[in-house]
Amino acid sequence: MRHALRPMIFALGLATASSALAADNGQIWPAEVSIPNTRQVKFTSAINGEPYALFVSIPFIPPPPGGYPVYYVLDGEAYFSTAATGSLLLAENGAVVVGIDHGAFIDRAVVEKYSGRKPGDTSPIGMDAVSDAHNRLRTHDLTLPVAIAHRAPAWLEPTRNGGLDDFLKIIEAEIKPRIAALVPVDAANQALYGHSLGGLYVQMFARKYPREVAGVVLLDSSSVDAPDELKTRARLEPGTAAYLEEEGIPESNRQVKSGGPFPDVPLAVIAATDHGPFFRQWEPTLMRLQQQLATLSPHATLIVAQGSGHDVQLDRPEIVVDAVRRIAKMQP
């Protein structure tokens, strides 16, 4: 039996402890503030061998007869705290919120393995190493395979791209069953949320699995139609790992486009208007790309987050919550 997985874009806020002191249990920093009625689940995937950390918020109200709806949130360490709070704002539509990530913000072992730190390095772990580990793991999950000709040579820098198909399998085969074992859930009412690059991932999911999509919210999402000049503003040296990976972007975009037609479902596209001085001249282009995304479905709505930067969930969270409510009301 196929169940509806409802991909929507929903990005939320960062909440981490900032003390430089390491905790005794392997955490990088102590975390003495918690969100009530939450759980944490850690596991190593049997599919790709990577570590995963799930952050789970459970509503205070008893589960409905069919179980709680579930919102799966990508980049969970960055967005879970606001997602959990946002679920409370949905009142009667409150749901279990599951933040999906790898533990790079909290787990010393993950950072030491994936940040490129040298073995035996006993120096304090800073945000540079945390961000490095997080970005490596995130890039692997949210990107499509790149042709061999466009990959960096293994001796130069082993590629971390191309794990999207495995990530889809992990959500279905390893994450969803763990949540169902933890709390009663409605298997037919589950949503997947992302932001930016996560938006491109959701577009691919919607095209590849149209029968499992009931509604989509794209939050300042990446676009397959972005001009080459916008892919990177840095001057990349030919032959380097970054240069070769950048050359593979057009192929990845073609894979998304060839993934099948976008389904005929309710769609909300949220567009930011202020991406900072570095992209000031590109604002008209960025808005045009969001307008194009709003043509993917005949049931689409373009929502302009006036004055907001790329992280709309931080600058204008009420817009994101309203968009989710709007799409939820359009579901059967």
message: If a residue must be modelled with pLDDT under 95 and assigned to a helix (DSSP H, G or I), how many such residues does the stretch 287-332 contain?
response: 17
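Please count how many residues of the stretch 25-53 are among the small types (G, A, S), farther than 25 Å from F167 by Cα and surrounded by fewer than 14 Cβ atoms within 10 Å (Cβ to Cβ). So that I can check it myself, show each step before the final result.
First, the residues of the stretch 25-53 that are among the small types (G, A, S): 26, 31, 34, 45-46, 49, 53.
Then keep just the ones that are farther than 25 Å from F167 by Cα; that gives 26, 31, 34.
Applying the additional criterion that residues be surrounded by fewer than 14 Cβ atoms within 10 Å (Cβ to Cβ) yields 26, 34.
Of the residues in that region, 2 qualify.
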Conditions (1) in contact with a His (Cβ under 7 Å, 6 or more places away or on another chain); (2) at pLDDT 75 or above; (3) under 30 Å from A294 (Cβ atoms): number failed by N161: (2)
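Matching residues to (1) exposed (fewer than 14 other Cβ atoms within 10 Å of the Cβ); (2) touching a strand residue (DSSP E or B) at 6+ places or on another chain (Cβ under 6 Å); (3) among the polar types (S, T, N, Q); (4) modelled with pLDDT of 70 or more:
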{"position": "R233", "(1), (2), (3), (4)": "yes, no, no, no"}
{"position": "Y243", "(1), (2), (3), (4)": "no, no, no, no"}
{"position": "G260", "(1), (2), (3), (4)": "yes, no, no, yes"}
{"position": "D274", "(1), (2), (3), (4)": "no, no, no, yes"}
field: Residue within the stretch 181-193 that is charged (D, E, K, R), in contact (Cβ under 8 Å) with a residue 24 or more places away in the chain and part of a loop (DSSP other than H, G, I, E, B) present
entry: no
task: Quick one: which residue in G116, G76 is touching a helix residue (DSSP H, G or I) at 6+ places or on another chain (Cβ under 9 Å) and at pLDDT 80 or above?
output: G76
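Mind listing whichever residues of the stretch 166-220 are among the polar types (S, T, N, Q), surrounded by fewer than 24 Cβ atoms within 10 Å (Cβ to Cβ) and closer than 27 Å to H310 by Cβ?
Of the stretch 166-220, the ones among the polar types (S, T, N, Q) are 189-190, 196, 203.
Remaining after also requiring surrounded by fewer than 24 Cβ atoms within 10 Å (Cβ to Cβ): 189, 196.
Answer for the stretch 166-220, where residues must be among the polar types (S, T, N, Q), surrounded by fewer than 24 Cβ atoms within 10 Å (Cβ to Cβ) and closer than 27 Å to H310 by Cβ: just S196.
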message: Quick check on the stretch 54-77: of everything there that is over 20 Å from I170 (Cα atoms) and touching a residue at least 60 places away in the same chain (Cβ under 8 Å), which residue is surrounded by the most Cβ atoms within 10 Å (Cβ to Cβ)?
response: Y68
field: Output for the stretch 98-141, where each listed residue is in contact with a Gly (Cβ under 9 Å, 6 or more places away or on another chain) and among the β-branched types (V, I, T)
entry: V98, I100, I106, V110, V111, T139
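Going through the stretch 31-73 one residue at a time, which ones are among the hydrophobic types (A, V, I, L, M, F, W, C), at pLDDT below 90 and outside any loop (DSSP other than H, G, I, E, B)? Talk me through it step by step, then tell me what you get.
Kept after step one, since they are among the hydrophobic types (A, V, I, L, M, F, W, C), are these residues of the stretch 31-73: 31, 33, 35, 41, 43, 46-47, 53-56, 58, 60-61, 70, 73.
Next cut, at pLDDT below 90 only: 31, 33, 35, 60-61, 70, 73.
Passing the criteria: V70, V73.
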- request: Six or more apart or on different chains, Cβ under 8 Å: which pairs go from a residue in the stretch 127-142 that's in contact (Cβ under 8 Å) with a residue 60 or more places away in the chain and farther than 21 Å from L200 by Cα to one that's of a type outside the set (S, T, Y) and assigned to a helix (DSSP H, G or I)? Could you list them?
  value: V130/V111
task: Say whether the condition of being at pLDDT 85 or above, assigned to a loop (DSSP other than H, G, I, E, B) and touching a Lys or Arg at 6+ places or on another chain (Cβ under 7 Å) is met by at least one residue in the stretch 205-214.
output: no
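The values are calculated or read from the model by the stated rules, or taken from the named source; none is laboratory data. Keep in mind that this is a model prediction, so the values were computed, not measured. Here Cβ is always computed from backbone atoms with ideal geometry, including for glycine, and neighbour counts include all displayed protein chains.
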